[in-house]
Amino acid sequence: MDLQVIPVVVNELGIAQRQVQAVSELLAEGNTIPFIARYRKEVHGNLDEVQILSINDRLNYYRELEDRKKTILKSIEEQGKLDETLKNKIESCLVKTALEDLYLPYKPKRRTRAMIARERGLEPLSVLILAQGVQDPAIEAQVFINPEKEVENIEQAISGAKDIVAEIIAENADVRALVRDSLSKSGVIESKVIAKIDEPTKYEQYYDFEELIAKIPSHRFLAIRRGQAEGVLRVKLNCDAAPLIERIETIFAVNENSTFASHLKDAIADSYKRLILPGIEIDVIVENKMKADRSAIEIFASNMRNLLLQAPLGQRMIIGIDPGLRTGCKCAVIDETGKFLETKTIYPGQGERREIEAKVEICKMVAKYRPYAVAVGNGTGGRETEAFVKRVLKEANVTETMVISVNESGASIYSASEIAREEFPELDLTIRGAISIGRRLQDPLAELVKIDPKAIGVGQYQHDVNQHLLSEKLDEVVISCVNHVGVELNTASAPLLTRVSGIGATLAKKIVAYRNQNGAFKSRKEIAKVPGLGAKTFEQAAGFLRIHGAAYPLDSSAVHPERYELVEKMAADLDVQVKDLIGNSALLEKIKLEQYQSESVGELTLKDIIGELNKPGRDPREKFEKPAFRDDILQMEDVKEGMSLEGIVTNVTAFGAFVDIGVHQDGLVHVSELSDRYIRDPAEVVKTGDKIKVRVLSVDLQRKRISLSAKTPRTAGAAPGGKPGQRPERVKKAAPAERGGFKRGFDCNPFAKL
């Protein structure tokens, strides 16, 4: 089947046939997309992961289409109605909706008015109407009067015949394609408020709204759909029926000179209104919903990728704090590897005595463990707790410990999960949350993979879109990010290993169990000893697993074991050891790549190998930089119009970007306020995690909305402060820590879910 549809995929995606064919074959052999993208570049011509995913998606679409064709052909054949013309139409069909239109006349259906009319023997009369003859309709209908079949008179006979004609018209594939195309291109989606509402709502702009469905942006379409679901809006799709009915009359050859012309016109009008329009209107709405879903999911996926690839602080001693007002702040100390060491609960802000006790406990923990940073969750009480810890450390003259606000979205879900119970069965949920907050600072990716991506909340309408498609896409993103960064085999959790190319949940648990029983892996080859891990899995996974400090130097790099022999030959030709090549640019420059090319190894692979040898095991994520918020801005009431603030982009949508300015309520920078030039897509200038300078345009305490601008400020008569088209002003980077660059994630808020 793939051979038949490959030219179609080539035409759709604009990718060479040779490349599409190669990807199809590699996938059929059981290779994963990350493995194909990184280690089979010569085979597919250096396609990136996105292109390979697109090929895979389209091939899957056509496989599903092929399966559906087989089912339909079998059904029609069993009815004895399959002729060669229909068979050819079905077999050549490449669109699912068109295929269903072809099947509609033969599809088993509930009892219809046309079925009843046929049972009453009125089909010959319907043939006369369609034939557009010149016979007298009354005389022809007289023959079919039969009280026993509930045909009492001429009017009933003609009415029943028209029901049959209406169904024939409604099941005509050309007619359905015409109406669907017209609704898709010219249909106007209209929304009205159902009843007068005194309180302000987030749907006010849609109380009396209409827009071409072909042009409506995904965020507006989804907002209208949500307003409809919540009972605020009434939504319908309008289209001018007259020209469509005229074209259907042409298709069915209405003859004005025929005595049956008026009856055929009646049947066409009835068919359009009763049978065609309602179903196709739903189809078009569903099709646009899927289109909007995919657009929103792509935005979610992009945000999710940026969130997962936040820069890690690295292997440092951390105190994680899960803030709490009434129940106290849970503190958890974790060592450089993320191992839990100790916990304390402090109660700042609950009276003088408890305030003093909290100060003492913080000082004791800091003195005992000398943490590199204190990670404070950004939930309720987070800013107050952050300010308290900073004050305590300043009073104690502790300057080497940073206090950092960490996004805690989804931490509570992790705390109550089976994964958390397995890790810390004896600990309270809130202590698990504090540990997770600390670990997120050390390595966001390693910790966030333990949480359902949908719970992290960095999308646009993530609760409204198709949840199956969303889950599939987010799984792709997580897998892509994990394999992009690589995984330390001797410290990785089972959820992290699950996302490694070729390794599933069951095998990940076996790897951890083997490691617990036999100690740390000493080489990549050793993972082949894990029960159930065969040669194919080893091939797919090995290149993405790292063993830092391994005896064999390449085991800590992204060089695949299948190329070890090649690297050893390079070293031998230079009369050095493999370890001597690592990080030695002078030696690596002496290697002449052309002499190592072969049928299976080309220039692309060789360049990747040299690049990895030059900087083995390099973390591709950014450098760590500490985020900063104004200490005097703790809540919405502190934010005033005209203020200039530093913020962190937490969520990018189709209509703008949400920015955390440290008050538990993200502000919105509308797309029109993101740049000094006109932009259509916010992603052109910002991404999740960017630090930018913003100016407060307005604060609406009632609706909990903060409106911001990232445009260059202007003064009367002055020229713009920056060049036209520049990106929002970035905050200058502070001196980097060991590695990584921290960016806050998204703290869900009602405005962001619009």
Quick one: is Ser412 modelled with pLDDT under 90, assigned to a helix (DSSP H, G or I) and either of a type outside the set (A, V, I, L, M) or surrounded by 22 or more Cβ atoms within 10 Å (Cβ to Cβ) (or both)? yes
Out of curiosity, is Glu637 in a helix (DSSP H, G or I) and either of a type outside the set (A, V, I, L, M, F, W, C) or surrounded by 21 or more Cβ atoms within 10 Å (Cβ to Cβ) (or both)? yes
Part of a loop (DSSP other than H, G, I, E, B) and loosely packed, with under 13 Cβ neighbours inside 10 Å - does that describe any residue in the stretch 601-613? no
Every residue in the stretch 188-224 that is in contact with a helix residue (DSSP H, G or I) (Cβ under 6 Å, 6 or more places away or on another chain) and buried (at least 17 other Cβ atoms within 10 Å of the Cβ), please. Ser191, Tyr203, Tyr206, Ile213, Ser218, Phe221, Leu222, Ile224
Near pairs, Cβ below 8 angstrom, 6+ apart or cross-chain, from the stretch 675-690 (among the aliphatic types (A, V, I, L, M)) to any residue that is surrounded by fewer than 17 Cβ atoms within 10 Å (Cβ to Cβ): Val685/Ile679
Filter the stretch 88-135 for residues that are outside any helix (DSSP H, G or I), over 36 Å from the mean Cα position of the chain (by Cα) and among the β-branched types (Val, Ile, Thr) and give the result. Thr112, Val134
I'd like to check something: does the stretch 161-168 contain any residue that is surrounded by fewer than 23 Cβ atoms within 10 Å (Cβ to Cβ), of a type in the set (Val, Ile, Thr) and out of contact with any Cys (no Cβ under 8 Å at 6 or more places or on another chain)? yes
One residue from Glu400, Glu386, Glu342 being in contact with a Ser or Thr (Cβ under 6 Å, 6 or more places away or on another chain) and touching a residue at least 12 places away in the same chain (Cβ under 8 Å): Glu386
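Please work out which residue is nearest to Phe521 (Cα to Cα), limiting yourself to the stretch 542-554 and to residues that are in contact (Cβ under 8 Å) with a residue 12 or more places away in the chain and more than 33 Å from the chain's Cα centre (by Cα).
Top of the filtered list is Ala550.
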Condition (residue is over 30 Å from Ala513 (Cα atoms) and hydroxyl-bearing (Ser, Thr, Tyr)) applied to the stretch 330-344: is it met by at least one residue? no
Number of the condition not met by Ala170 [criteria: (1) closer than 18 Å to His263 by Cα; (2) out of contact with any helix residue (DSSP H, G or I) (no Cβ under 7 Å at 6 or more places or on another chain); (3) at pLDDT 95 or above]: (2)
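Under the condition of being in contact (Cβ under 8 Å) with a residue 40 or more places away in the chain and acidic (Asp, Glu), which residue from the stretch 417-446 is surrounded by the most Cβ atoms within 10 Å (Cβ to Cβ)?
Among those that are in contact (Cβ under 8 Å) with a residue 40 or more places away in the chain and acidic (Asp, Glu), it is Asp443.
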Does Lys74 meet the test of being surrounded by fewer than 16 Cβ atoms within 10 Å (Cβ to Cβ), assigned by TED's automatic domain parsing to the domain that holds Leu13 and over 27 Å from the mean Cα position of the chain (by Cα)? yes
Looking only at residues that are crowded, with 17+ Cβ neighbours inside 10 Å and of a type in the set (S, T, N, Q) in the stretch 660-706, which one is farthest from Gly647 (Cα to Cα)? Ser675
If you take the residues in the stretch 318-328 that are surrounded by 14 or more Cβ atoms within 10 Å (Cβ to Cβ) and free of Cβ contacts under 8 Å to residues at least 60 places away in the same chain, which one is farthest from Glu384 (Cα to Cα)? Gly328
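One line per residue, one yes/no per condition, for (1) over 37 Å from the mean Cα position of the chain (by Cα); (2) farther than 17 Å from Lys344 by Cβ; (3) not charged (D, E, K, R):
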residue: Cys363; (1), (2), (3): yes, no, yes
residue: Ala367; (1), (2), (3): yes, no, yes
residue: Thr380; (1), (2), (3): no, yes, yes
residue: Glu384; (1), (2), (3): no, yes, no
residue: Val389; (1), (2), (3): no, no, yes
residue: Ser409; (1), (2), (3): no, yes, yes
residue: Ile413; (1), (2), (3): no, yes, yes
residue: Ala416; (1), (2), (3): no, yes, yes
Please determine, by comparing only the residues of the stretch 34-71 that are among the hydrophobic types (A, V, I, L, M, F, W, C) and under 18 Å from the mean Cα position of the chain (by Cα), which one is surrounded by the most Cβ atoms within 10 Å (Cβ to Cβ). Ile55
Looking at the stretch 259-288, I want the residues that are under 25 Å from Pro137 (Cα atoms) and assigned by TED's automatic domain parsing to the domain that holds Gln132 and have a partner that is surrounded by fewer than 18 Cβ atoms within 10 Å (Cβ to Cβ) and of a type in the set (Gly, Ala, Ser) with Cβ atoms under 9 Å, at least 6 apart or on another chain. Which pairs are those? Thr259/Gly133; Phe260/Ala131; Phe260/Gly133; Leu264/Ala253; Ala269/Ala241; Tyr272/Ala241; Lys273/Ala241
Among the residues of the stretch 3-27, write down those that are farther than 25 Å from Glu603 by Cβ and either modelled with pLDDT of 95 or more or surrounded by 18 or more Cβ atoms within 10 Å (Cβ to Cβ) (or both). Val5, Ile6, Val9
Would you check if Ser698 is of a type in the set (S, T, N, Q), in a strand (DSSP E or B) and within 26 Å of Thr201 (Cα to Cα)? yes
Checklist (1) on the phi > 0 side of the Ramachandran plot; (2) not assigned by TED's automatic domain parsing to the domain that holds Lys289 applied to Thr97, failing item: (1)
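Okay, residues lined up against (1) assigned to a loop (DSSP other than H, G, I, E, B); (2) at negative phi; (3) touching a helix residue (DSSP H, G or I) at 6+ places or on another chain (Cβ under 9 Å):
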residue	(1), (2), (3)
Ala586	no, yes, no
Pro616	yes, yes, yes
Ile633	yes, yes, yes
Val669	no, yes, yes
State the number of residues belonging to the stretch 566-586 that are surrounded by fewer than 17 Cβ atoms within 10 Å (Cβ to Cβ) and under 11 Å from Leu613 (Cα atoms). 5
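The values are calculated or read from the model by the stated rules, or taken from the named source; none is laboratory data. Not measured: the values here are computed from a predicted model. Because the Cβ atoms are built from the backbone with ideal geometry, glycine has one as well, and the counts that use them run over all protein chains shown.
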